[in-house]
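Report on one structure; see the data block that follows.
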Amino acid sequence: MRLLSITGGAAGTYCGSCLRDNALAAELLARGHDVVLLPIYTPTLTDEPNVSQPRVFLGGISVYLEQHVPLFRRTPRLVDRLWDAPAVLRFAARRAIRTDPGQLGEMTVSMLRGVDGFQKKEIDKLVDWLRLQPPFDLVSLPNSLLIGLARPIREALGSPVCCTLQGEDLFLDGLGDPYRRQAIDLIRSQIESVDAFIAVSAFYVDRMCGYLGIPRQKMRVVPLGINRRGYGPAPGGRGDRPFTIGFFARIAPEKGLHLLCEAYRRLREWRDLGPCRLEVAGSLAADHRDYFARVERQMDEWGLGAEFRYHGVVDRDGKIAFLQGLDVLSVPATYDEPKGVFLLEAMANGVPVVQPRRGAFPEIVEKTGGGLLVEPDDPASLAEGLARMAREPALAADLARRGVAGVATHYDAGHMADRALEVFREMVDRSG
């Protein structure tokens, strides 16, 4: 099968959606399928071999300039190459390109208008390039925010188009009105241009059918999958380290680090638990530095600053070492998270999880058996769940074993590829 998979670069940061898209493309390539993984906005960043194309379409700089300066909607393509070069986009992503939805309302709406928006020239560049490529059996969009590409791509290539749904409702809600309403209306108006929508969890099917008005018969589920190479329980076991709680996700209010810190404060009041630590890793965008500074300041005021450590962004080896150094992981998100790649990675490294009962978390925890569920937005309930891991080592060890096996059985990249191929073949057969 020849597949065009478009993936959205995340401005130089690790992104669960990018990791998912890359893992799926890599697995399909390994099986002999012809997959073109094409970045949009910026080059993608992954912590395993990156199989995406070196060229970037709808470069973030061009998209921004064409939104705000009419002159750039008419500049020659030869000139555009200056700021569309991957090296320039990487440099800009480290310094200027913003992903805060609160500041991107007008541009999001323009992109959703497709060829009727300010970025028409960029879409034309993409379509012209695609026309020169060997035919594709199917085209995959990474999220509904790029649904404005569906119609022009279908008209140019005649290939069926699918669209993955993997967390964009959080971004859309962050736009605020009128842009949120306009964006949702534009997505709904283009649903007919997409042959099938792929949700990354069963939870997300119900959520997005209601949120975007997608007909249920157009929905398919392709559960997440991760590349488990190098993953596994820490060799040598825990040793004599303090009981170590971990947080591994993007540092942002909606991921709930402040709730985990409050739970940790409560847990440290129980003197029977002995020495403890709270270890944190993940990307920290400029928009959220003040939030993280408040978290650090609060930990200092509670007298717990010496037990709190931020490791920053870690590569794959660093991620494995970080996770294998934990006794339990918790990312108590304050919204209905549809993915949870961090849970799969923790459990694959022999670390049980304690998560709020919301979003896709119950689905993942119950399917793998690798953790405990607690009440959402409730530091006291979270503290109790974490304390159980410290007080009941036999339970923690059992959950750890079940988590390793559960991820291998249900959330391996190979299983994700198997299910994706079922959906892709169904679409191709139906279109033919």
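The values are calculated or read from the model by the stated rules, or taken from the named source; none is laboratory data. Note that the structure is a prediction, hence the values are computed from the model and not measured. Here the Cβ positions follow ideal geometry from the backbone for every residue, glycine too, while neighbour counts run over all protein chains shown.
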For this session: Working only within region 177-219, note down all residues that are touching a residue at least 60 places away in the same chain (Cβ under 8 Å) and under 30 Å from Val351 (Cα atoms).
Result: Ile198, Ala199, Val200, Ser201, Ala202, Phe203, Tyr204, Arg207
Exercise. In region 386-432, what residues are touching a residue at least 24 places away in the same chain (Cβ under 8 Å), farther than 30 Å from Arg229 by Cα and either of a type in the set (Ser, Thr, Tyr) or not in a helix (DSSP H, G or I) (or both)?
Worked result: Ser431
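Quick check: is even one residue across region 157-165 surrounded by fewer than 18 Cβ atoms within 10 Å (Cβ to Cβ) and either in contact with a Gly (Cβ under 9 Å, 6 or more places away or on another chain) or over 22 Å from Arg131 (Cα atoms) (or both)?
The answer is no, given that none of the residues of region 157-165 is surrounded by fewer than 18 Cβ atoms within 10 Å (Cβ to Cβ) and either in contact with a Gly (Cβ under 9 Å, 6 or more places away or on another chain) or over 22 Å from Arg131 (Cα atoms) (or both).
Restricting the search to region 15-45, which residues are in a loop (DSSP other than H, G, I, E, B) and either at pLDDT 95 or above or touching a Ser or Thr at 6+ places or on another chain (Cβ under 6 Å) (or both)?
At the first step, the residues of region 15-45 found to be in a loop (DSSP other than H, G, I, E, B) are 15, 31-33, 41-45.
Those that are in a loop (DSSP other than H, G, I, E, B) and either at pLDDT 95 or above or touching a Ser or Thr at 6+ places or on another chain (Cβ under 6 Å) (or both): Arg31, Gly32, His33, Thr44.
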For this session: For Gly105, work out the one condition from (1) at pLDDT 95 or above; (2) crowded, with 18+ Cβ neighbours inside 10 Å it doesn't fulfil.
Result: (1)
Seminar exercise, completed: From the option list Leu138, Leu172, Leu157, single residue qualifying as hydrophobic (A, V, I, L, M, F, W, C), in contact (Cβ under 8 Å) with a residue 12 or more places away in the chain, within 22 Å of Ser110 (Cβ to Cβ) and assigned by TED's automatic domain parsing to the domain that holds Leu58 is Leu172
For this session: Could you run through region 160-176 and say how many residues are within 12 Å of the chain's Cα centre (by Cα) and aliphatic (A, V, I, L, M)?
Result: 2
For this session: Looking only at region 263-270, decide whether some residue is of a type outside the set (Phe, Trp, Tyr) and in contact with a Gly (Cβ under 7 Å, 6 or more places away or on another chain).
Result: no
For this session: Could you tell me which of the residues Asp287, Asp300 is modelled with pLDDT under 95 and of a type outside the set (Phe, Trp, Tyr)?
Result: Asp287
For this session: Find all pairs meeting these conditions: Cβ atoms under 7 angstrom apart; at least six residues apart or on different chains; first residue within region 373-385 and closer than 19 Å to Phe243 by Cβ; second residue of a type in the set (Gly, Ala, Ser).
Result: Val374/Ser381; Val374/Gly385; Pro379/Ala263; Leu382/Ala263; Leu382/Ser330; Ala383/Ala263
Exercise. Do the conditions hold for Pro376, that is, is it touching a Leu at 6+ places or on another chain (Cβ under 6 Å), of a type outside the set (Lys, Arg) and at pLDDT 95 or above?
Worked result: no
Problem set entry | Residues (farther than 14 Å from His258 by Cβ and touching a strand residue (DSSP E or B) at 6+ places or on another chain (Cβ under 8 Å)) located in region 296-317 | Glu307, Arg309, His311, Gly312, Val313, Val314
Problem set entry | Residue that is closer than 23 Å to Gly385 by Cβ and over 21 Å from the mean Cα position of the chain (by Cα), where the choices are Arg309, Arg297 | Arg309
Exercise. Which residue, of Thr75, Thr42, is among the hydroxyl-bearing types (Ser, Thr, Tyr) and farther than 17 Å from Asn143 by Cβ?
Worked result: Thr75
Problem set entry | Output for region 390-413, where each listed residue is surrounded by fewer than 15 Cβ atoms within 10 Å (Cβ to Cβ) and closer than 24 Å to Ala25 by Cβ | Thr409
For this session: Would you check which residues across region 361-384 are farther than 27 Å from Arg271 by Cα, crowded, with 24+ Cβ neighbours inside 10 Å and of a type outside the set (S, T, N, Q) and list them?
Result: Phe361, Ile364, Val365
